[in-house]
Amino acid sequence: MLDFNNAKEQSKGFSVIPPNSKVLVSLKIEAPASDRRGTYPELCKSQNSSLEYLNAVLEVVAGSFKGKQIFHNFNVYGASTEKQKKAVDISMSQLRALVESACHISPKDNSPQAQRMRVLNSYSELNGKVFPVEVKCSERTSQKSGDNLIVNELKYIVTVEDTDYNALMNGGEVISDSPIPQVTSPNTEQQKPSWVASSSNANTGASANTLQNKAPSWAAPRQQTQNQYAGAMPPPQVYPSENQVDDNPF
């Protein structure tokens, strides 16, 4: 006997959350593959640099977008250049705001109790933290289909000083009227493959040679400037979060 009564209803998929909207999320750390494990067991080694990061999933837990996932990497370890150090500083500030938001601490609270609450024994303690965020929209290219997509990303973490904080922590949401960006249409002229230019140039040359062989010198056609076609555009930056892979550019 197969009983499907306790199975969840099928998902109809989630549309993009309008930019500048605020929603309540729960954080889940995706464990790294065995060959990508960093200095700490929760950290994933970058394929492009010495950086190590938390591969996090922010799942909306309330409101009309409940169940939608937003992917975000927190760079936290292994910086060896000034650019990487800046990336780590940004992520550490985000994680501080995350802890403050989840624990109802004001960023300006420097009391001994607040300071103790900002101290964790391991990154794994961030798992399951619930806090509100504001989202933004970005255009990415799907690794699976190659299509350009508009996706949601973390803009910033909402803390207790935000006027919407209490309502959001109680399961509310703030959906903005900001329009969702449209996917950029590629320039078809720029996307012509290189063989189109080669073929055109070859034909032009062949026609000129034929005319020169058959016509007297005074009737030789003027040399025409060959059409210059741009080669194929380089592929846009891949959005690796769809497959939970490294997207650190450093």
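The values are calculated or read from the model by the stated rules, or taken from the named source; none is laboratory data. Being a predicted model, the structure only gives us computed values, none of them experimental. Neighbour counts run over all protein chains shown; Cβ positions are idealised from the backbone, glycine included. Surface accessibility is based on the protein's heavy atoms, side chains included, excluding ligands, DNA and RNA. Shrake-Rupley method; radii C 1.70, N 1.55, O 1.52, S 1.80 Å.
Odds and ends about this structure:
- Candidates per trypsin sites (Lys or Arg not before Pro) in the range 1-46, loop by DSSP, up to 14 other Cβ within 10 Å: Lys8, Lys12
- The order of Met92, Met169 by accessible area, most exposed first and with a 1.4 Å probe, is Met92, Met169.
- Positive minus negative residues near Ile29 (Lys, Arg vs Asp, Glu; Cβ under 14 Å): -1
- The modelled label-to-label distance for the pair Tyr40/Val160, using points 7 Å beyond Cα in the direction of Cβ, is 2.4 nm.
- Calculated FRET efficiency, Lys86 to Gln113, Cβ-Cβ distance, R0 = 25 Å: about 0.20 to the nearest 0.05.
- GluC sites (Glu not before Pro) restricted to DSSP loop in the range 1-74 with at most 12 other C-beta within 10 Å: Glu9
- Carbon plus sulfur fraction of accessible area for the range 127-190, probe 1.4 Å, in percent: 45 percent
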